[in-house]
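Engineer: The structure follows.
The values are calculated or read from the model by the stated rules, or taken from the named source; none is laboratory data. None of the values given here were measured: they were computed from a predicted structure. A quick note on method: Cβ atoms are made from the backbone with ideal geometry, for glycine too, and the neighbour counts reach across all protein chains shown.
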Amino acid sequence: MTKTREPDIDATRCTGCGRCVAACPGRLLTLEVVGYRKYALLVRPRYCDGCLACVAACPVRAIS
């Protein structure tokens, strides 16, 4: 069994808009709050099938 590539989230570029969270069909992303800043976080990477819908949904290209 080969592992598909999971998305790499650049927390410094992420604006916390939530579009990637809404786009994920497996609901594997969430928004993490640190201080006064939000950013996306892949909470269950082992279940990610690598569809990369989150990459297409990100308006600031914080996910690759």
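Engineer: Being at pLDDT below 95 and either in a loop (DSSP other than H, G, I, E, B) or among the aromatic types (Phe, Trp, Tyr) (or both) is the filter here; which residues of the range 44-64 pass it?
Structural biologist: Correct list: Arg44, Tyr47, Cys48, Asp49, Gly50, Cys51, Leu52, Ser64.
Engineer: Are any residues in the range 1-44 among the β-branched types (Val, Ile, Thr) and under 20 Å from Ala56 (Cβ atoms), and if so, which ones?
Structural biologist: Thr4, Ile9, Thr15, Val21, Thr30, Val43
Engineer: Another question about this same structure. Could you please give the count of residues in the range 25-43 that are in a loop (DSSP other than H, G, I, E, B) and touching a strand residue (DSSP E or B) at 6+ places or on another chain (Cβ under 9 Å)?
Structural biologist: 2
Engineer: Turning to a different aspect of this structure: Evaluate the range 48-64: report whether one residue or more is in contact with a strand residue (DSSP E or B) (Cβ under 6 Å, 6 or more places away or on another chain) and of a type in the set (D, E, K, R).
Structural biologist: No - not one qualifying residue is present in the range 48-64.
Engineer: Among what's in the range 1-42 and is β-branched (Val, Ile, Thr) and more than 9 Å from the chain's Cα centre (by Cα), pick the residue that is surrounded by the fewest Cβ atoms within 10 Å (Cβ to Cβ).
Structural biologist: In this case the residue turns out to be Thr2.
Engineer: Search the range 49-63 for residues that are closer than 12 Å to Cys14 by Cβ and pair each with any residue that is assigned to a loop (DSSP other than H, G, I, E, B) and hydroxyl-bearing (Ser, Thr, Tyr) when their beta-carbon atoms are under 6 Å apart and the residues are at least 6 apart or on different chains.
Structural biologist: Val60/Thr15
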